[in-house]
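Student: Sharing a structure below in structure tokens format, with a few things to ask.
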Amino acid sequence: DIQMTQSPSSVSASVGDRVTLTCRASQGISSWLAWYQQKPGKAPKLLIYAASNLQSGVPSRFSGSGSGTDFTLTISSLQPEDFATYYCQQSDSFPLTFGGGTKVEIK
Amino acid sequence: EVQLVESGGGLVQPGRSLRLSCTASGFIFGDYAMSWVRQAPGKGLEWVGFIRSKTNRGTTEYAASVRGRFIISRDDSNGIAYMEMNSLKTEDTAVYYCTRGRAVTRESRLDYFDYWGQGILVTVSS
């Protein structure tokens, strides 16, 4: 199975900050990566697919990049509604696997 | 508006069975793959399995942790996806999410989940 490792596990940031989250795959996965946002008690929400494609309706402050084994999700200017946990997910091969998540907290 | 609504969860004893349903609306159900993702209390997300559209033969894939115990099926005429969970274990305790699966290229792939249900709790305990 492909292991997905997210770092950091949590980050404290302020409104307006630029935040970069990292996801690393245990082997190359080309661009088969998606990012999700999850708020407490809610279902995850798709943000990015195929590493860099913004899902319809998602604010443009979110962007994704990377290929192979290293990927990033960047929030260009953190907003109050962005405090949540973010997960990456690979689809290069079955079983699909998720990273352990990065929690973005208010500083 | 796309909606996915799970039902059938609850408390069940180890070794017993439970069937989850996912009722879909707002899209042509038969055109899409459907998948299940679970989240144990306080933990991260775990992909459970999925069923391809009938166009892609309606075949299934499962995570190793549930293969042979869980069975995913679909009723395209009523827009419902099912997951039959057998020989349940305490480690199957989780919120189960029904999701719509999408592919970037070939439709037989599963690349991401663009819509999610609200989730339903399954508790396996004696």
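The values are calculated or read from the model by the stated rules, or taken from the named source; none is laboratory data. Just so it is clear, the model here is predicted, and its values are computed rather than measured. Here Cβ is always computed from backbone atoms with ideal geometry, including for glycine, and neighbour counts include all displayed protein chains. Each accessible area value is taken on the protein alone, full model and side chains, heavy atoms only, with ligands, DNA and RNA left out. Shrake-Rupley method; radii C 1.70, N 1.55, O 1.52, S 1.80 Å.
Student: Within the stretch B:19-35, is even one residue within 11 Å of chain A (Cβ to nearest Cβ) and not in a loop (DSSP other than H, G, I, E, B)?
Tutor: Within the stretch B:19-35, one or more residues are within 11 Å of chain A (Cβ to nearest Cβ) and not in a loop (DSSP other than H, G, I, E, B).
Student: Is there any pair linking a residue in the stretch A:33-50 that is facing chain B (nearest Cβ under 9 Å) and within 15 Å of A:PHE83 (Cβ to Cβ) to one that is surrounded by fewer than 22 Cβ atoms within 10 Å (Cβ to Cβ) and of a type in the set (Ser, Thr, Tyr), with Cβ under 6 Å and at least six apart or on different chains, and which?
Tutor: A:GLN38/A:THR85
Student: So, one more: Output the number of residues of the stretch B:35-72 satisfying the condition of being open to solvent by 70 Å² or more (accessible area, probe 1.4 Å), in contact with a strand residue (DSSP E or B) (Cβ under 9 Å, 6 or more places away or on another chain) and hydrophobic (A, V, I, L, M, F, W, C).
Tutor: So the count comes out to 1.
Student: Which condition breaks for A:GLY57 when tested against (1) more than 14 Å from chain B (Cβ to nearest Cβ); (2) open to solvent by 40 Å² or more (accessible area, probe 1.4 Å); (3) among the small types (Gly, Ala, Ser)?
Tutor: Unmet condition: (1).
Student: Can you name the condition, by its number, that B:GLY42 falls short on among (1) free of Cβ contacts under 8 Å to residues at least 12 places away in the same chain; (2) touching a helix residue (DSSP H, G or I) at 6+ places or on another chain (Cβ under 8 Å)?
Tutor: Status for B:GLY42: all satisfied but (2).
Student: Follow-up. Please work out which residue is surrounded by the fewest Cβ atoms within 10 Å (Cβ to Cβ), limiting yourself to the stretch B:73-126 and to residues that are more than 14 Å from chain A (Cβ to nearest Cβ), within 15 Å of B:GLU61 (Cα to Cα) and of a type in the set (D, E, K, R). Steps first, answer last, please.
Tutor: Quick first cut of the stretch B:73-126, residues more than 14 Å from chain A (Cβ to nearest Cβ) only: B:73-93, B:122-126.
Within this subset, residues satisfying the condition of being within 15 Å of B:GLU61 (Cα to Cα) are B:73-74, B:81-85.
Now drop any that are not of a type in the set (D, E, K, R), which leaves B:74, B:84.
On the way: B:ARG74: 23, B:GLU84: 14.
Once the filter is applied, the top-ranked residue is B:GLU84.
Student: Filter the stretch A:62-107 down to residues that are within 24 Å of A:GLY41 (Cα to Cα) and charged (D, E, K, R) and give me whichever is most open to solvent (accessible area, probe 1.4 Å). Talk me through it step by step, then tell me what you get.
Tutor: Quick first cut of the stretch A:62-107, residues within 24 Å of A:GLY41 (Cα to Cα) only: A:62, A:73-75, A:78-90, A:96-107.
Filter once more, keeping what is charged (D, E, K, R): A:81-82, A:103, A:105, A:107.
Details: A:GLU81: 92, A:ASP82: 2, A:LYS103: 98, A:GLU105: 66, A:LYS107: 157 Å².
Here the residue is A:LYS107.
Student: Report the residue count in the stretch A:22-49 for those that are surrounded by fewer than 18 Cβ atoms within 10 Å (Cβ to Cβ) and part of a loop (DSSP other than H, G, I, E, B).
Tutor: So the answer is 8.
Student: Would you check which residues across the stretch B:95-126 are more than 26 Å from A:TRP32 (Cα to Cα) and in a strand (DSSP E or B) and list them? Break it down into steps so the answer makes sense when it comes.
Tutor: Of the residues in the stretch B:95-126, the ones more than 26 Å from A:TRP32 (Cα to Cα) are B:120-126.
Scanning the stretch B:95-126 gives B:ILE120, B:LEU121, B:VAL122, B:THR123, B:VAL124.
Student: Would you confirm, using the coordinates I've provided, whether B:GLN13 is within 17 Å of B:GLU91 (Cβ to Cβ) and in contact (Cβ under 8 Å) with a residue 12 or more places away in the chain? Write out each step before concluding.
Tutor: Values: within 17 Å of B:GLU91 (Cβ to Cβ): yes; in contact (Cβ under 8 Å) with a residue 12 or more places away in the chain: yes.
Here the answer is yes, as B:GLN13 does meet what is asked.
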